[in-house]
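The next block holds one structure in the form of structure tokens; read it before the comments.
The values are calculated or read from the model by the stated rules, or taken from the named source; none is laboratory data. In this text, all values refer to a predicted model and were calculated from it rather than measured experimentally. Using ideal geometry, Cβ is built from the backbone for each residue, glycine included, and neighbour counts are taken over all protein chains shown. With ligands, DNA and RNA removed, areas are computed over all heavy atoms of the protein, side chains included. Shrake-Rupley method; radii C 1.70, N 1.55, O 1.52, S 1.80 Å.
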Amino acid sequence: MADIERERAVLDFYQISSLKPETLVQWPTEKDRDSDASEDESVKKKANRRKSRYQALERAVSTRSSFVPGSETSGSGVANLVQRDEPDPLGSTDSVVRTLKQLGVPLQDDLKLRNRFLLSSTTFSPALFLSQMHATADTQSLLNGLDILSRSIDQKSASLKVLVESNFERFVRAKATIDNVYKEMKYRGVDPTPPRARAHSRHASRNSFRSGSGAPMTSPLNPATDPRKKNALAKESEYGILGIKAPLLDVSAKAEEVWGPALGGREKEEHLKTVVSSLDSYKEYVEISAAIADSIKRNDHESLVEEYTKARRFAEQAKQLAQELEGSQPDEDQVYRIVLAARMWHDVEEQISNLKRDIWRSLVSPYNMAKPDSGKSGDQHMELITLLLELGVEDNPIWVWLLSRYDYLKSKIQSTTERSKVEIEILRRRLANSEKPSPQTIASHMRTLGRQSLESKTKTFDSPDIAELWELNVAYMSNLLSSQGILGEVLEFWQTVQGFIEGKTQRSLPVGYRGESKEHHRLSQQGTVDLQKGAVELVSLIRESVLMFFAGPPPEDISLLFSPMPQTPSTPGYGGNLTPRDPRFNLDPNNIPPPSPRRGEAWEKFAFWPPWSNSLSGVHYLARMLVLVGAAACDMASIEPVGQGDAAEVERVKTLVGVARERCVTALCAAWNRDAENIKYVEDWNRSPDRKEVTKMPASFKAFEGALLAGMQNILYISEAMDKPGAGEIVLPPPPKLLQMVRSQYVTTLYKALSGMVENAERPVKKADDEWTNVRMLLTLSNLSALRTEIVPDLNTQFENAFSVKLTDETKTIRDVLSQIDARLFQSYTRPAIETLKRIIRAGVSDPNWAPSSPSRPKEVRPYVYEALLSLVLVHTQVSTTAATLTSQVLSYLLEQASKELLEAFKSRQRYNLEALMQATLDVEFVAQTLSHYTTDRASELQSQIYQELDGRTDNEARARLQGELPEMRAVLKRLREASKSEFACFRKPKRPVGNGLERRETGGSVGSL
């Protein structure tokens, strides 16, 4: 029985129907409110509201929750009394969260679910708690838990009882204070019952203090007579508003008196309602005018056309209504419609007329004609034409715009051409009147070409002023002929015209209100013909301008710059930068640059060639300009009225390319010839960093000639313009006349350059500088050797590949000239050494003491031999240190000359006895073996002739005795070679032993050779 009562008590306490978890009913939905969540939401809402003036007090009150151990803070930052964890209230464990986590209940991320398991939360769910925490608990454990829970509740109740008992007096005093405040507010300090006589009462003294103010006592039932009672919270004082009721009534009466007539105009209100209803009925009529004005202001063309179409429709309806009435009396609605439509149409038509006038002005304005920038739309004229067609116009806007565009381009071509030519002529005159640059200055620009490529040094192969004029020429050609220049605008103009002629462009244009603008979509036959003629005329203007620039003489009239064109949008070419340095064109009418002086220079008859310009800058910039000319000629011929309609104009375009090319080649050949004469000044006698035996001159010459040949190829064939469609029919191959001119000039420049090199080598110097003269000759000989073997053949090959010709005769001629020049310089260098050898040998052999006396045998070579060999040592030193590659050539030649002089010297003696024959043989063989490394066929032949001469000038006895002396002569020769090995070590063959035996050379005689 006791167990049943306990079970019932548990069921009643936990409000469940069964102690078995699987039979537990679901917790009622209405009791499953998430009060904590509601509390969090309310806190968030309060946090989002404006902060109260009592925020400090609220914060102080809210901080009391922080004293609760284990309390936590919600997501909004507001603290609550729910702990993070707590022990099981039934006493099974000291951590509910840990136990549930072990059971697999996910409480880490779900705060609401955790609160339903914590007893301190208002969302605590007993059924959920028991079904999870005590799912396996039996009845006895639940009853034990009930006892633990009961004791816990009793302990908390006891603590609360102690709290109330200890603070009971405080509770009583707080209650008395609240009652006193209520009485003070309700009765204004007067007790509704008569006060009892109590001596020394606190309330009595308070009443006495209040009554001491001298105010008469009144009954609390008559508050109107007691000023203290009129604000009391009593029904008689209307709960405190009786004191302000009378002033409010007075204010209300005054307001009614003042604002009554204004607010009470019922008739005016009815009238206004009638007006508003009428306006609502005819709202569209009234709003159209304002809508059109707003659309015009906002440049909303779509809305503008829509509103204007609506206005025209209303106007037509009003006209039709007036015609239908035919003099009958209209009703009020019809009158309103007609009057409003007429007023609306008058206003709209005035606005549209002003708008059309502005659009026409914009359509033909230079702002619209000028080529648009990258940030602006290029179809602005199409927008204006579209709008005019939508609004309806009498004139054809397409024809008007095309005609205005033609006039604009024509004026721009003329003004740009005239002004650019004058600006170019001003700089040209200033250069022509300046001093002629020295050859050293010209050579300095050519010298830089050998160090760096032409493309990377486009600013240093001529003076800055000359380069500036070249750049101005290129800018003029680019502004006139490039796809971004005037020709590009002409091509774009023709494409637009062609689109309108073929009807492709009109497909996207509107036909206007009820098709009234459809007639403007077609260009007349005469208009089409005029546009085609206009395109041909624009091409002809550009062609004539370019032709006059290349073929015409320099202009004489430069007065155009005395009154410069105003820089306004209406000026053709506005925004173009034709001058790199504008201050140079601010001319003084009293100080006009004089015409170019006549000095007989080739460039005086060319308007495009800067005075004193060299061929390097000329070939670079002319190639760029002719690429523009060639590409522009192809573009001109691609315009249908030109390429397919006017054969004469096509021929004139071809002529333009031919004439411009011929004039450029003629001017360039003249400058090339002048530079070839000055290229000798490029020689600075500094060694080449790659080849020490030559100077920098060969590399500079090769770079100069190579750059001229490459640039001349670009000028003659204009290869960069051949990518254009139909370029093969417009840019024709160069005529043989031009090729022959370039061919002759190339060979001539080679001759002049070689002559200049020889002149540099043979230029006289002070007598004390003979050594430097020899060095220059050796370096020049080494340079000529490099030219003959490497550079000139490479240049010939480049020429043949560039111009598809064979330089057979020229190559042979150039080779012969190089050989002649080389032989000439070689003779000039070796002549002093040969003269020295001749003097030494002739003097030595003709010496009376040359032949040893009989019967003594020669033991030494004569001193003249040593002297001659030492002079060759000096030559060897000079050649090997200056141009090592020439050492063998020079020494071999000098050996031949020494042998020749020995032959001539020995011929001067009539007879040779044995001693003289032995001395001559010893001298000749010593020289031959010492210089054996430089022996040539010619030297061997001369030595054989010497032996023949000696053999012919002796007798048979001496010949026979000489054969017996040969062994001793070999020993003597060997001893002499060993003794002079250090003195003549420079003549030894490197890394190869020198033979020192005597050998017999058969010469047809009896005299042998060692």
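Here are the numbers for the structure shown:
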| read-out | value |
| --- | --- |
| Separation of the ASP300 and ARG839 label points, Cα + 7 Å toward Cβ, nm | 11.2 nm |
| Listed pairs LYS533/LYS724; LYS696/LYS838; LYS436/LYS696 exceeding 28 Å between Cα atoms | LYS696/LYS838 |
| Length-normalised contact order of the stretch 686-805 in % [C-alpha pairs under 8 Å, at least 6 apart] | 38 percent |
| Net charge over other residues, Cβ less than 14 angstrom from the Cβ of GLY91 (K, R count +1; D, E count -1) | -3 |
| Spin-label model distance (nm) - SER92 vs SER508, 7 Å beyond Cα toward Cβ | 8.1 nm |
| Estimated FRET transfer efficiency (VAL339, GLU270; beta-carbon r; R0 25 Å; 0.05) | 0.60 |
| Amide H partners (placed H, <5 Å) of PHE984, local residues excluded | none |
| Per-pair calculated FRET efficiency, R0 = 56 Å: TYR182 and ARG151 via Cβ, rounded to 0.05 | 0.85 |
| Burial ranking of peptide ranges 612-621, 157-166, 508-517, 866-875 (average Cβ count within 10 Å, highest at the top) | 612-621, 866-875, 508-517, 157-166 |
| Highest to lowest packing among 822-829, 543-550, 170-177, scored as the average C-beta count within 10 Å | 543-550, 822-829, 170-177 |
| Rel. contact order, % - alpha carbon contacts under 8 angstrom, at least six apart, the stretch 277-400 | 26 percent |
| Total lysine pairs under 25 Å (Cα atoms) in the stretch 277-400, excluding pairs fewer than 8 apart on one chain | 11 |
| Contour excess over end-to-end distance, with Cα ends at LYS319 and VAL286 and 0.36 nm allotted per residue | 10.1 nm |
| Gain in span if fully extended, SER141 to ALA647, counting 0.36 nm per residue against the direct Cα distance | 170.3 nm |
| Burial ranking of peptide ranges 84-91, 982-989, 254-261 (average Cβ count within 10 Å, highest at the top) | 84-91, 982-989, 254-261 |
| Using a Förster distance of 56 Å, the FRET efficiency for MET548-GLU762 (Cβ separation, nearest 0.05) | 0.70 |
| The stretch 382-425 - percent of accessible surface contributed by carbon and sulfur, probe 1.4 Å | 47 percent |
| Three-way shape label, the stretch 822-987, alpha-carbon gyration tensor, a/c 1.5 | prolate |
| Whole-Å distance, taken between Cα centres, linking the stretch 471-518 and the stretch 321-370 | 34 Å |
